[in-house]
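**Q** I'd like to ask some things about the structure below.
The values are calculated or read from the model by the stated rules, or taken from the named source; none is laboratory data. The structure presented is a predicted model; accordingly, all values stated were derived computationally and were not measured. Glycine also receives a Cβ, built like all others from the backbone with ideal geometry; neighbour counts cover every protein chain displayed. To get the accessible areas, we keep the full protein, side chains included, count just its heavy atoms, and leave off ligands, DNA and RNA. Shrake-Rupley method; radii C 1.70, N 1.55, O 1.52, S 1.80 Å.
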Amino acid sequence: IIHTDAEAFPYRGTALAMHIVRLLSVLLSGITVLATYLIALEIFPEWKSLALGAAALNAFNPQFLFIGARISNDPAVTAFSALVLLETVRLVKREATRGRLVWLGVTLGLALLSKISALALLPLVAAGLAIRAIQQRSVRCWLKWSALVFSLAVLIAGWAYLRNWLLYRDPLATNVWLATVNLRLPTPSLIELTEEFWGLEISFWAVFGWMNILVHEVIYQSLAAMTRLAALGLLLFVLGQWGRFTHYVSRFTFHASRLTSPARLGLLLLGLWFALVFISLLRFMQIQFGAQGRYLFPAIPAISIFIFLGLSQFVPRRYSGVLAGVIGGALFLLAVVCPFVYIAPAYARPPVIAVEDIPAEAHRLDITFGNQIRLLACQMDKAAVRRGDPLSVTLYWQPLAEKEQNY
């Protein structure tokens, strides 16, 4: 909360170490954006503007930038999940070569090593392998491929789960976690959880700090309108893929043409992955207060592709590049503004002023704590508030001696 000169450039010690690890997070986040572009291009090889639009939605999401530049396991699980999704989509469109299967197993193992939420990847990968085996009409291939992919994943990540079992008698260490968090009792129903969906949605786009720094309400409403329009367009797109609805839907959309079977399978895998992540999050929210958009980021390639695909239904295809530029440009501007307008002011260092500069309207206190600190005055930004209104309080402190403890 309080930043000091110890963090100033040139970085040394802890500050240097933190910046190095943050650069690793940025690198992982860049991999996620690249994977989003490649996944979109894999499904729609002739539609580069869609790939660019989806990548821009991913890259310039202010919350993704915020989470993707800090020290946590979120950038790692997001990046490796994106790579697993990319290889799974490629698997149903290309040959299941040994190199591709090895890379799928390696990225799956790294994802499982990053965060236990990556366990949701297991049914996704299993589905991809099964689809490819059905295409090959070979149970033997399915068994051989599954053995290779999952054995590599176990080899890379299995030791961590074995360690949990040896230490805690729980491979996921959930018993330790449950003993240290505030559980939601009674457990809310799925209907009750819908009341938290707005917080989940806005924190997917822009809620900073520890879920306490909000942007302007107009921004949230604009992003919500874009998301709902995209959902409508995506619905029209899906209906357009059903033969009997194509003619009807084509009156409202510019992209009602039928997809090839591999492209449909790719979109199906994207939908399956989003569903797995969302269902896992709902279960988590039933256990603990966890309506945070960052938990959806492992599925951000699928979400970004679906949003742009939905929005593109309302413009002619030749203008989809313009649409990508408009959406990407708007999000880019928002991403540039957020650190300076919303985040930095919340963590600004308190100004140092002279005693005589304390405003006359401030309430004088002159309370001394241990002959080390004196609270000179306090000031509130309004005289009366109603329930739910914000109230800003400014405290004026004076140090009286050198302090060994950091208060």
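**Q** Out of contact with any strand residue (DSSP E or B) (no Cβ under 7 Å at 6 or more places or on another chain), crowded, with 23+ Cβ neighbours inside 10 Å and touching a residue at least 60 places away in the same chain (Cβ under 8 Å): is that true of ALA40 in this structure?
**A** The answer is yes for ALA40.
**Q** Take the conditions closer than 25 Å to SER114 by Cα and out of contact with any Pro (no Cβ under 6 Å at 6 or more places or on another chain) and apply them to GLY99. Does it pass?
**A** For GLY99, the condition - closer than 25 Å to SER114 by Cα and out of contact with any Pro (no Cβ under 6 Å at 6 or more places or on another chain) - is met.
**Q** Go through region 221-239 and count every residue that is crowded, with 20+ Cβ neighbours inside 10 Å and either closer than 18 Å to PRO345 by Cβ or out of contact with any Leu (no Cβ under 7 Å at 6 or more places or on another chain) (or both).
**A** 2
**Q** Within region 318-325, can one find any residue that is in contact with a His (Cβ under 8 Å, 6 or more places away or on another chain), farther than 30 Å from ALA120 by Cα and assigned to a helix (DSSP H, G or I)?
**A** no
**Q** Take the residues in region 360-380 that are touching a residue at least 24 places away in the same chain (Cβ under 8 Å) and part of a strand (DSSP E or B); name whichever of them is least open to solvent (accessible area, probe 1.4 Å).
**A** ILE373
**Q** Please determine whether any residue of region 108-121 is touching a residue at least 12 places away in the same chain (Cβ under 8 Å), surrounded by fewer than 17 Cβ atoms within 10 Å (Cβ to Cβ) and among the small types (Gly, Ala, Ser).
**A** Checked region 108-121: no residue is touching a residue at least 12 places away in the same chain (Cβ under 8 Å), surrounded by fewer than 17 Cβ atoms within 10 Å (Cβ to Cβ) and among the small types (Gly, Ala, Ser).
**Q** Right, another one. Can you work out which of the residues in region 209-220 that are part of a loop (DSSP other than H, G, I, E, B) and open to solvent by 90 Å² or more (accessible area, probe 1.4 Å) is farthest from PRO390 (Cα to Cα)?
**A** For region 209-220, the residue satisfying everything is TRP210.
**Q** PHE306 - would you say it is within 16 Å of the chain's Cα centre (by Cα) and hydrophobic (A, V, I, L, M, F, W, C)?
**A** So PHE306 passes the test.
**Q** Within the set of pairs 6 or more residues apart or between chains, which connect a residue that is within 15 Å of SER189 (Cβ to Cβ) inside region 283-296 to a residue that is surrounded by fewer than 16 Cβ atoms within 10 Å (Cβ to Cβ) and among the β-branched types (Val, Ile, Thr) with Cβ atoms less than 7 Å apart?
**A** These pairs meet every condition: GLN286/THR187.
**Q** Let me ask you something else. Please enumerate the residues belonging to region 258-294 that are open to solvent by 30 Å² or more (accessible area, probe 1.4 Å), in a loop (DSSP other than H, G, I, E, B) and over 17 Å from GLU192 (Cβ atoms).
**A** Answer for region 258-294, where residues must be open to solvent by 30 Å² or more (accessible area, probe 1.4 Å), in a loop (DSSP other than H, G, I, E, B) and over 17 Å from GLU192 (Cβ atoms): ARG258, LEU259, THR260.
**Q** Can you name the residue in region 166-208 that is among the hydroxyl-bearing types (Ser, Thr, Tyr) and closer than 30 Å to TYR342 by Cβ and is also most open to solvent (accessible area, probe 1.4 Å) among such residues?
**A** By that ranking, first place goes to THR194.
**Q** Does ILE300 fit the bill of being open to solvent by less than 50 Å² (accessible area, probe 1.4 Å) and either of a type in the set (Ser, Thr, Tyr) or over 18 Å from ILE39 (Cα atoms) (or both)?
**A** No.
**Q** Now, a different point. Looking only at region 107-124, which residues are touching a helix residue (DSSP H, G or I) at 6+ places or on another chain (Cβ under 6 Å) and of a type in the set (Val, Ile, Thr)?
**A** THR107
**Q** Looking at region 150-169 only, could you name the residues that are under 16 Å from LYS115 (Cα atoms), out of contact with any Asp or Glu (no Cβ under 9 Å at 6 or more places or on another chain) and of a type outside the set (A, V, I, L, M, F, W, C)?
**A** GLY158, TYR161, ARG163
**Q** Do you know which of the residues in region 315-333 that are among the aliphatic types (A, V, I, L, M) and touching a helix residue (DSSP H, G or I) at 6+ places or on another chain (Cβ under 9 Å) is most open to solvent (accessible area, probe 1.4 Å)?
**A** Selected residue: VAL322.
**Q** Of the residues ARG163, ARG94, ARG90, ARG140, which is within 22 Å of ALA54 (Cα to Cα), open to solvent by 40 Å² or more (accessible area, probe 1.4 Å) and free of Cβ contacts under 8 Å to residues at least 60 places away in the same chain?
**A** Going through ARG163, ARG94, ARG90, ARG140 in turn, the sole match is ARG90.
**Q** Pick from LEU376, LEU331: which is aliphatic (A, V, I, L, M) and in contact with a Lys or Arg (Cβ under 9 Å, 6 or more places away or on another chain)?
**A** The conditions single out LEU376.
**Q** Could you give me the residue pairs with C-beta distances under 6 Å whose first residue belongs to region 254-278 and is modelled with pLDDT of 95 or more, whose second residue is aromatic (Phe, Trp, Tyr) and surrounded by 20 or more Cβ atoms within 10 Å (Cβ to Cβ) wherever it lies, and which are 6+ apart or on separate chains?
**A** Going by the 6 Å Cβ cut-off, there are no qualifying pairs.
**Q** Which of the helices (runs of 4 or more DSSP H) contained wholly in region 1-111 include at least 2 residues that are of a type in the set (Phe, Trp, Tyr) and closer than 30 Å to GLY325 by Cα?
**A** 62-67
**Q** Give the residue that is farthest from LEU110 (Cα to Cα), with candidates limited to residues of region 143-160 that are in contact (Cβ under 8 Å) with a residue 12 or more places away in the chain and open to solvent by 30 Å² or more (accessible area, probe 1.4 Å).
**A** The residue in question is LEU148.
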